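What follows is a short report on a single structure.
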Amino acid sequence: MLLDGSPSLVAFSRMLATAMRSPIPETLENPSISTVINCAIAYADAVTAKFKGEINQGDHQAVIKLLRGALGNELPNRQEANLKTLLEQKDEVQYGSRAKTRDDALRALERLEEFAAWAEVVLSK
């Protein structure tokens with residue numbers, strides 16, 4: 001994987017984000033939210049790869065610290081909150097037994113779209 005601007009991560013992030021713009025099928029809320037979360041992680045990895053030369057390995061909660069380390073105060077609090085909120089759902093939607101609602105999936109997608117739009121701007125610098 002390239003860590004100098006991370007074209008493969010950016011392409012993967014864009015592919016996932018595009019796929020998530022399709023209507024979310026009924027009963028697939030948890031898998032849809034899981035994909036949203038993976039997309040946000042891919043965008044965060046692309047940003048940290050470009051600006052710090054590293055990607056997060058293992059604990060996905062640590063990606064926020066790595067992102068802050070890569071960007072300092074250039075990481076808006078709102079985008080940190082978007083990513084944190086998505087990451088907090090990761091274990092529940094991927095391994096839990098509670099089904100999320102369609103509204104939950106749509107809120108997650110809105111957070112992703114805002115985070116992805118910000119990341120695209122950052123990655124274009």
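The values are calculated or read from the model by the stated rules, or taken from the named source; none is laboratory data. In this text the structure is predicted, and so the values were computed from the model without any measurement. Each accessible area value is taken on the protein alone, full model and side chains, heavy atoms only, with ligands, DNA and RNA left out. Shrake-Rupley method; radii C 1.70, N 1.55, O 1.52, S 1.80 Å.
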**Report entry** Identity of the residue in region 28-41, open to solvent by 40 Å² or more (accessible area, probe 1.4 Å) and more than 13 Å from the chain's Cα centre (by Cα), that ends up nearest to Leu123 (Cα to Cα)
**Finding:** Pro31
Query raised in the report: So which helices (runs of 4 or more DSSP H) are wholly in region 42-125 and hold at least 2 residues that are open to solvent by 80 Å² or more (accessible area, probe 1.4 Å) and of a type outside the set (A, V, I, L, M, F, W, C)?
Result: 77-88, 90-95, 102-123
